[in-house]
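The values are calculated or read from the model by the stated rules, or taken from the named source; none is laboratory data. Being a predicted model, the structure only gives us computed values, none of them experimental. These accessible areas exclude ligands, DNA and RNA; they are computed on the full protein's heavy atoms, side chains included. Shrake-Rupley method; radii C 1.70, N 1.55, O 1.52, S 1.80 Å.
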Amino acid sequence: MLQPVKIALGQFMGRYFASIVPTTKPLEGFVARPLAKAIAWAPARMIDAAEEMLSLWLRSDLENAPTTPPELPAIIVAVAKDYTPTGRDYTRQVADRQMVMIPDDPKERLFGLRAVAGDVRAQVVVFATDEPSAHSLAAQFLLFLDETENRRFEASYRFAGLDTAWPVQVESPDMPAMSIATDAKNLTILAIDLTLRAEIPLFDAPKAGEPNDGKGEPGTDDPAGYPLVQTVHVESAEAGGKGGKAEIRPYEVSADDGGAP
C-alpha cells in the first residue's frame with residue numbers, strides 16, 4: 001500500500017539531485033555520477049545507526065564488478081516501518097465508501113472507493129568526508145523543499161489497468177539538518193527528518209458471482225464495474241377510457257429517458 005509513496009519519494013529525490021549546484025570539488029564528482037551511485041535506499045529501517053548504513057553502502061556492489069568502495073559524498077534515504085493516521089486537524093480519511101468512475105476509463109465503469117490518510121516518516125542522511133560538502137547538500141535539499149512546487153508530489157496507484165495520481169504533502173520544510181555523532185574524524189553526517197502526509201486510495205470492484213456491468217472480468221486486473229443503471233418496473237394507474245375505467249400500464253425507468261414514463 002505504501003510502495004507507490006516510496007517510488008514517488010525516489011522520483012522526488014531524483015529531482016533534487018538534478019537541481020544540485022556543486023559548490024565544492026567533491027560535489028563536482030557527486031553530480032557527475034548516475035543517480036543510483038549518488039543516492040541509495042536504506043533497507044526498510046530508519047537511520048538509527050548511521051555508520052552501519054554507511055558501511056552497507058561502502059560494501060555494496062554498484063558496478064557488478066570486483067568490489068570498489070563507492071565515493072563520498074553520498075545520500076541515503078530511509079522510510080520508517082511504523083504508520084500513523086494523519087491528524088484530524090489536518091484532514092479526514094474517506095471511511096464511508098463512495099461510488100466513483102476513474103477519469104479516462106474508456107469503459108466508464110463504476111467502482112467503490114475509500115481513501116486512507118496517513119503519515120509516513122522518512123529520513124534523508126548526507127555523508128561526506130568534508131564539512132562544506134555535507135553542509136551544501138543539506139542546505140540545498142532544504143532549499144529544494146522550500147520551493148512551492150516541491151511542498152508536495154504525487155504517487156501513482158494502478159487499478160483496473162488505470163493509473164491515478166494521489167497527493168503526498170511534505171510537512172514543515174523548515175526542519176534542521178541534525179549532526180550525527182561518529183567516531184570517524186574525517187566524516188560528517190547530517191540527518192533530515194521528513195513527514196510525508198499521503199492520501200492512499202482503496203478501490204474495490206464486484207467479486208465473482210456478484211452483480212456487475214459485464215465490462216470486465218471479476219477477480220482480474222481488468223475487473224467489471226458495479227451495475228450503473230438498473231431497470232425499475234413500475235405500474236401506474238391512470239383514469240381513462242369510456243366509463244371511467246382505470247387503465248393499468250407498465251413502464252420502465254432508465255437513464256435514456258430521464259425517468260419519464
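How big is D, in µm² s⁻¹, for the stretch 97-154 by Stokes-Einstein at 10 °C and 1.306 mPa s if Rh is the Kirkwood radius over C-alpha pairs? Before the final figure, lay out each step's value.
Working: Rh = 15.8 Å.
It diffuses with D of about 101 µm²/s by this estimate.
Just need the relative contact order of the stretch 168-221 here, percent rounded to a whole number, with Cα pairs under 8 Å and 6+ apart. Kindly include the intermediate steps, with their values, before the conclusion.
On the way: 45 pairs, mean separation 17.0, N = 54.
Once divided by the residue count of the stretch 168-221, the mean separation gives 32 percent.
Based only on the alpha carbon positions, what is the Kirkwood hydrodynamic radius of the stretch 125-207, in angstrom?
15.4
Taking only protein heavy atoms and a 1.4 Å probe, what accessible area per residue, in Å², does the stretch 80-143 have with all protein chains in place? Mind showing how you got there, number by number?
On the way: 3400 Å² over 64 residues.
With all protein chains present, the stretch 80-143 gives 53 Å² per residue.
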